[in-house]
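Report on one structure; see the data block that follows.
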Amino acid sequence: MNREHLALCSSAEWAEAVERWIIPWVLETVDLGDDVLEVGPGPGLTTDVLRARVARLTAVEIHPDLATALAARLANTNVEVVCADATRTLLPAGRFSGAVCLTMLHHVPSHQKQDAVLAEIYRLLRPGGVLAGQDSLDSPDLRNLHHDDIYVPVDPSGLQARVEAAGFTAVHVDTNEYAVRFQGTKAPAPTDAEASTHQ
C-alpha cells in the first residue's frame with residue numbers, strides 16, 4: 001500500500017465513511033454472531049467499528065507492521081490480531097460464526113488468490129456461518145490512488161459465481177454508486193434425521 005493510500009485508509013474521513021455508510025450497508029441484513037473473523041483490517045478503522053458490534057473479533061492482517069500496530073493499539077480488548085496470509089491462515093476450521101472482508105479483496109494480487117481467500121473464509125466458518133463483504137467499484141480515480149500498488153478490482157458481474165464456487169449458498173450480490181457488497185452462508189450441518197436419510 002503506497003503512502004498516499006495508507007494515509008487515506010487511516011484518515012478521519014475514511015473512519016467516518018466506514019462508520020456511517022460502509023459497515024451499516026454491508027451488515028444491513030446480516031447477523032454475524034458471537035465469534036467473528038475480519039480479513040484484511042489494514043490500519044483497523046473497520047475493526048474499531050466492528051468490535052463494538054460483536055462479542056469477539058479476530059482480525060487477520062498479512063502485513064507485519066500493520067498487524068503489530070493494530071495488536072498494540074487494541075491490546076486488552078475483545079480483538080485478537082493475527083498476522084497471516086488470508087489464503088492459508090492456519091486457524092482452526094469451523095470456528096467462526098461470521099466473517100467480514102471490507103474493501104480488501106482488490107489488494108489481493110490475482111483473482112485466483114482472491115478466490116483462495118473466499119475458500120479459506122469458508123473453511124474457517126461454522127456450519128451456518130455467514131460471510132459479509134464489500135469492495136469498491138473500479139474507477140480511474142481508484143487506479144490512480146493505487147499507483148505502485150497492487151490493484152485487482154472485483155467485477156460484480158462474476159462475483160456471485162465466485163462466492164458460490166468457494167462453497168457458499170444463499171449468495172447475494174448488489175451494488176451502489178461506489179461499491180459492491182456480497183454475502184453468503186455456509187450450509188448448516190445436517191440434522192440427525194437428515195443424515196440418516198442419506199445413509
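Observations on the structure shown:
- Charging the Cβ of each Asp and Glu at -1 and of each Lys and Arg at +1, and nothing else, the dipole of region 96-190 about its Cα centre rounds to 500 debye.
- Around the Cα centre of the chain, unit charges on the Cβ atoms of Lys, Arg, Asp and Glu (plus for the first two, minus for the last two) sum to a dipole of about 460 debye.
- Nearest-ten-degree value, helix 64-73 long axis tilted from longest Cα axis of the chain: 80 degrees
- Taking Lys and Arg as +1 and Asp and Glu as -1, the other residues whose beta-carbon sits under 12 Å from that of residue 179 total -3.
- Accessible area expressed per residue, region 153-193, with surrounding protein chains retained (probe 1.4 Å, Å²): 54 Å²
- Computed in the context of the full set of protein chains, the accessible area of the chain at 1.4 Å probe radius has 54% of its extent on carbon or sulfur.
- Span from the region 85-138 Cα centroid across to the region 14-38 one, whole angstrom: 15 Å
- Rounded accessible area per residue of region 1-62, 1.4 Å, Å²: 49 Å²
- When the Cα convex hull of region 32-116 is projected onto planes of every orientation, the mean area is 5.3 nm².
- For residue 85, net neighbour charge (Lys/Arg +1, Asp/Glu -1) across residues whose Cβ lies under 11 Å away: 0
- Extent along principal axes [Cα atoms of region 96-199; Å; largest to smallest]: 57, 24, 21
- Cα→Cβ-extended label distance, 7 Å offset, between residue 73 and residue 189, nm: 3.7 nm
- Rolling a 1.4 Å probe across all protein chains gives residue 155 an accessible area of roughly 90 Å².
- Computed [θ] at 222 nm, helices only, for the chain once each DSSP H run of length n ≥ 4 contributes -39500 (n - 2.57): -9000 deg cm²/dmol
- With eigenvalues of the C-alpha gyration tensor scaled by 5 and rooted, the chain, Å: 27, 20, 16
- In the chain, taking the dipole from charged Cβ atoms about the Cα centre, the farthest positive-side position among 166, 114, 127 is held by 127.
- Taking the charge dipole of the chain about its Cα centre, with +1 at Lys and Arg Cβ atoms and -1 at Asp and Glu Cβ atoms, the residue from 101, 60, 23 reaching farthest to the positive side is 60.
The values are calculated or read from the model by the stated rules, or taken from the named source; none is laboratory data. Since the structure is predicted, the reported quantities are computational estimates derived from the model, not experimental observations. Backbone-built Cβ (ideal geometry, glycine too); neighbour counts: all protein chains shown. Please note that ligands, DNA and RNA were not included when accessible areas were found on the heavy atoms of the full protein model with its side chains. Shrake-Rupley method; radii C 1.70, N 1.55, O 1.52, S 1.80 Å.
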